[in-house]
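Below is one structure, written out as structure tokens; comments come after it.
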Amino acid sequence: MNLRVTSLDDGITLVALSGRMDVTGTQEIEMKLTTSTAVRKAAIIVDLSGMEFLASIGIRALLSNAKAQGMRGGKMVLCNPRLPVQQVLEATGIDTLIPMFRTVEAAQEYLAPLARELKD
């Protein structure tokens, strides 16, 4: 499992995940994911386009980080999941708890008001 963090020009943090978010994969990236998403108020997009598989432990990691970000007044959203990952997110109802978008651009548009607030 790989995790890459990029700061976008608009102040939004992009976290790109790739690989299998099973027990092993989640353990490999969980601390870095938490550090990237839950330590300060932020506007965060988690790009799932490189994720091949999502198990319940990975869902828990995504959900706990999104909740932590929400408690800080920030927002974490998901974008661009492959069909099998999207089906898992929808079947478990996670897409109703964490906003999900088809593209990074759509997610950026959604987070733009928060990103502007954070810059001020």
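Taking the numbered list (1) within 25 Å of Asp9 (Cα to Cα); (2) in contact with a helix residue (DSSP H, G or I) (Cβ under 9 Å, 6 or more places away or on another chain) in turn, Leu97 passes all entries but (1).
Looking at the range 11-49 only, could you name the residues that are of a type in the set (Lys, Arg) and free of Cβ contacts under 8 Å to residues at least 60 places away in the same chain? Matches in the range 11-49: Arg20, Lys32, Arg40.
The rows are residues; the columns are (1) of a type in the set (Gly, Ala, Ser); (2) within 18 Å of Ser7 (Cα to Cα); (3) out of contact with any strand residue (DSSP E or B) (no Cβ under 7 Å at 6 or more places or on another chain).
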site	(1), (2), (3)
Val46	no, yes, no
Ser64	yes, no, yes
Gly74	yes, yes, no
Ile94	no, no, yes
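The C-beta contact set for the range 89-116 (first residue over 17 Å from Leu17 (Cα atoms), second residue among the small types (Gly, Ala, Ser) and not in a helix (DSSP H, G or I), distance under 8 angstrom, 6+ apart or interchain) comprises Leu111/Ala43; Leu114/Ala43; Leu114/Gly74; Ala115/Gly11; Ala115/Ala43; Arg116/Gly11.
Within the range 50-88, the set of residues being free of Cβ contacts under 8 Å to residues at least 24 places away in the same chain and closer than 16 Å to Tyr110 by Cβ comprises just one member, Gly70.
Every number in this text was worked out from the coordinates using simple rules, so none of it is lab data. These numbers come from a predicted model, not from an experiment. Ideal geometry is used to build each Cβ from the backbone, glycine not excepted, and the neighbour counts take in all protein chains shown.
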